[in-house]
């Protein structure tokens, strides 16, 4: 299988439809083989992944590390940046230059927008943006699109509702970017007015072909949806605690919320979930957010394999 169209993965807009096809094809191969056989294939045998996480993470960090270990590679890790020279004032670009000596591929998460690009500026090995502030999270969008493929068997002609924090959610921005590749998709954005998608970003997505409507009423929107993508209200993005308190409980998904939903609706969430989805929903056929976390291992295995391909 040929390489991907990019060396570093910093933004979702770098990912072409041909890249998605290659990644899904390989992820499906890994998923059908199962973990044990994949590990013995050793697609990344002898390679080292560095995970540099300056922000907390569970799924992204551990799915990357699990993916590399299952591919036969090794992992070196930095958690929350406390033990790095960045704490002493070293620039991210210098850190990227130095870390290139120690690993064959690097995944970085940081709380500042465009930090991954700064890190990759002088890096001589592939760099993956694992989340840069409220900007981008391109590998989560790959997880999301792979989940949609696995659950809906297609990536076009879908009605997708996106609920919650649309202003600060990097997963939302990256998902809209990727799904704009596919025809016939319609997006209903559901949020509190203070957390609506930035007008400039909305205009840019529409220019790329996204059909977008906005709706503050979940009950009226849900009946037409094939997919409901839920996001948490991100307290860490707020500088004013009072503003967070105003919006943290505006939307909550329960069994009652879903009474008018389509029978084949699927609910997705990048996780962690706080209180935006009742636990009673977890046992319904529409709840796919924990399966989504599992799909993330396979698509990241595919990404690591193809980004380290000579």
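Find the residue count for segment 107-128, including only residues that are in a strand (DSSP E or B) and within 17 Å of residue 68 (Cβ to Cβ).
Final tally of qualifying residues: 5.
Whether a residue is under 30 Å from residue 46 (Cα atoms) and either in contact with a helix residue (DSSP H, G or I) (Cβ under 8 Å, 6 or more places away or on another chain) or part of a loop (DSSP other than H, G, I, E, B) (or both) was assessed, and residue 165 does not pass this test. Just so you know, in segment 57-87 the residues that are under 21 Å from residue 142 (Cβ atoms) and part of a loop (DSSP other than H, G, I, E, B) include one that is modelled with the lowest pLDDT, and it is 57. Which one of 140, 136 is touching a residue at least 12 places away in the same chain (Cβ under 8 Å), in contact with a helix residue (DSSP H, G or I) (Cβ under 8 Å, 6 or more places away or on another chain), surrounded by 24 or more Cβ atoms within 10 Å (Cβ to Cβ) and assigned to a loop (DSSP other than H, G, I, E, B)? 136 is the lone residue from the list that is touching a residue at least 12 places away in the same chain (Cβ under 8 Å), in contact with a helix residue (DSSP H, G or I) (Cβ under 8 Å, 6 or more places away or on another chain), surrounded by 24 or more Cβ atoms within 10 Å (Cβ to Cβ) and assigned to a loop (DSSP other than H, G, I, E, B). Annotation: residue 184 fulfils all but one of (1) closer than 22 Å to residue 7 by Cα; (2) outside any helix (DSSP H, G or I); the unmet one is (1).
The values are calculated or read from the model by the stated rules, or taken from the named source; none is laboratory data. What you see is a predicted model, and the numbers here were worked out from it, not measured in a lab. Quick reminder, even Gly has a Cβ in these numbers, built from the backbone with ideal geometry, and neighbours come from all protein chains shown.
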